[in-house]
1. Near Ile224, within a Cβ-to-Cβ distance under 15 Å, what is the net charge of the other residues, with Lys and Arg +1 and Asp and Glu -1?
2. Mind checking the dipole of the chain: about its Cα centre, +1 per Lys or Arg Cβ, -1 per Asp or Glu Cβ, Debye to the nearest 20?
3. Can you work out ³J(HN,Hα) from phi for every residue in the stretch 176-181, in order, using Karplus 6.51 cos²θ - 1.76 cosθ + 1.60 and θ = phi - 60°, giving whole Hz and x for Gly and Pro?
4. Specify the residue with the greatest mean-square fluctuation among Ala180, Ala90, Ala16, computed from a Gaussian network of the chain linking alpha-carbon atoms under 10 Å apart.
5. Along the charge dipole of the chain, pointing to its positive end and built from +1/-1 on Cβ of Lys, Arg, Asp and Glu, which listed residue (His21, Trp139, Leu172) has its Cα farthest out?
6. Anyone know which of Gln39, Gln154, Gln142 comes out most mobile in the 10 Å Cα GNM of the chain?
7. So what's the back-of-envelope 222 nm ellipticity for the chain, counting only DSSP H runs of four-plus at -39500 (n - 2.57) apiece and dividing by all residues, rounded to 500?
8. Pull out a ≥ b ≥ c, the square roots of the eigenvalues of the alpha-carbon gyration tensor of the chain, then state rounded if a/c is under 1.5, prolate if not and a/b is larger than b/c, and oblate in the remaining case.
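What follows draws every value from the coordinates through simple rules; no lab data is involved. Note that the structure is predicted; figures quoted are calculated from it, not measured. Every residue, glycine among them, receives a Cβ derived from its backbone with ideal geometry; neighbour counts consider all protein chains shown.
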Amino acid sequence: MIVEQVQCDTSPWVVARHLRHEPWLVFLESTLPDPLLGQYTFLAVRPLLRLRAWGASCEVIEAGRRRWLYGNPWMLLERLYARYELGTTAEAPWPLGGFFGYWGYDLKHFLEPRLPRRAAADLGLPDLDVGLYDNLLVWDNQTGYCWLVATGLQPDGTRNAHRARVQADRWLERIEAAVAWEGTEADRPLETPGRLPEPGSSLQRDGFLRAVERTLEYIAAGDIYQVNLSQ
């Protein structure tokens, strides 16, 4: 495993934007200047494996191969994670990688199967889409230092020192390229997404007001204390 403090003469945002075309980029930016709640920013690309789930249909992408499994996504995620040991080191109080991505609300049915199923799957998005990232850049927002983490993990869960060195050198190359890129391409405006659809609502004003009144009744009765109600 390699954990090195490296020189990065630009911001995490510039590096992330420079790498925006890398596969499955994740950028976890902490903008709150708080030593406990917003100390670190993480940047990672090209996960060791990726797991996506649509209900109980799970897709695992690993070493360039895809395979489909059927079952509880939570249990599958636990089995996959058990194969790897990212480890810890005194040099790094932050995570040395892990599963980054998103967990959708509909995964609740695997934890509480008695809950009613009312949401329509009209977006085609997976309920779970995460990648296992075993090498990354970490910025300490309190000190301004940048750290490189390269675990050298392999698909079978073993570690390889040469693989870790290759990962580390690749990050050094990415940082150098991002610094050179800043001030040229970085100053160009972001690409526009083209024509956006007109906003719409599935709830009219009267229905929304009735929902607000019902929410207030639930709060007054002590059944709930908060609702994320939007139109």
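1. Result for the local shell: -2.
2. Working: 24 positive and 30 negative charges, 181 e Å.
So the magnitude is around 880 debye.
3. Along the stretch 176-181, the couplings run 4, 5, 5, 5, 5, 6 Hz.
4. Ala90
5. His21
6. Gln142
7. Values: 4 runs with 55 residues, N = 231.
So the helix-based figure for the chain works out to -7500 deg cm²/dmol.
8. Working: a/c = 1.92, a/b = 1.48, b/c = 1.30.
Taking the square roots of the gyration eigenvalues as a ≥ b ≥ c, the chain is prolate.
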